[in-house]
Amino acid sequence: MRKYAEVMKMTIQISLAYKWNLILSSLMDIFRIVAEVAFWKILFETTSGDAISGYDFNSMITYYIFMFIIGTSMNVSNIGNKIANDIKNGTMNNLIIRPINYIGYYFSEALSEKFIQALIVLLTFFPIFIIDSSNITLNINLEQLLLFPIILVLSFLLNFLINIIISLLVFWITEVTSFFFLKDIFLDFLSGRVFPMDLLPKFILNTFGILPFMYCTFFPITILTKGISNESFFKGFFMQLIWLALLYFTFKILWRIGIKKYSGTGA
């Protein structure tokens, strides 16, 4: 564990050395949130009712704020790209010969990066929570609140494994940029980053609920902002566990076969 703690410490130090990159990238994401809020403000002003599919303006704004906070904390696409490049360029040799698990190394790096980014995001939105708290609508009961950190951990692991699995395809396919592009489209749309998934017709929502993407971001945000029954909560929780097991099993198979194929000079 000490080795992984050192990796996390080193990554945090590197991130702080380039703190302006983190701050500017966070500000760019905030501009996106501002644009989305402006869009929904116009939409609500032009509709005859006060709510759209159970969302009023305040609950929609709350949704996008937490989508930004949780989505930023869960996004580990850069780690997947790093692993893909390591395999493709043969630079994975430098890490697999070290006395540390290769995937564990990048998992530790991802944790420390997300910690810094989440901290910046929370500090950014803290004034809003203080000044405009009356417009922030949270709907979560005590039982779900106590289990919510576990939901967030499972969401992070799902995101991590999805990215890792795509990166391991480089063992067989030299260029996987298109796969990452498709993954980003699926995650943006099916995890509710573009708009709340429950605005879709119920039969479409149920169909997408079979896939893992909704449980990466949309599920924890819905628990916080819209409120769900305990039955729906535990159903989503078990779906997270099922997909986590399936993705981990897939990762282990791909890694075991791929590492045998790996020549040390690239995929």
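Bear in mind these aren't lab numbers, they're just calculated from the coordinates by the rules spelled out. Here the structure is a predicted model, which is why all the values come from computation and not from measurement. Methodologically, a virtual Cβ is constructed for each residue, glycine included, from the backbone with ideal geometry; neighbour enumeration extends over all protein chains shown.
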Next on the checklist: Can you give the FRET efficiency to the nearest 0.05 for residue 173 and residue 101, using r as the Cβ-Cβ distance and R₀ = 30 Å?
Outcome noted: 0.80
Item to check | 3J(HN,Hα) from dihedral phi, the stretch 97-112, Karplus parametrisation 6.51/-1.76/1.60, rounded to Hz, x for glycine, proline | outcome: 8, 7, x, 8, 5, 4, 5, x, 4, 6, 5, 5, 5, 4, 4, 5
Checklist entry - For the stretch 105-224, what class follows from the C-alpha gyration tensor (a ≥ b ≥ c being the square roots of its eigenvalues): rounded when a/c is under 1.5, otherwise prolate if a/b is larger than b/c, else oblate? => result oblate
Checklist outcome for this item: With label points set 7 Å from each Cα along the Cα-to-Cβ direction at residue 238 and residue 205, the distance between them in nm comes to 2.0
Checklist entry - Of the cross-linked pairs 114/260; 82/235; 82/114; 114/235; 82/260, which ones have a Cα-Cα span greater than 24 Å in the structure shown? => result 114/260; 82/235; 114/235
Checklist entry - Once you put a point 7 Å from the Cα of residue 81 and another 7 Å from the Cα of residue 181, both along the Cβ direction, what distance in nm separates them? => result 1.4
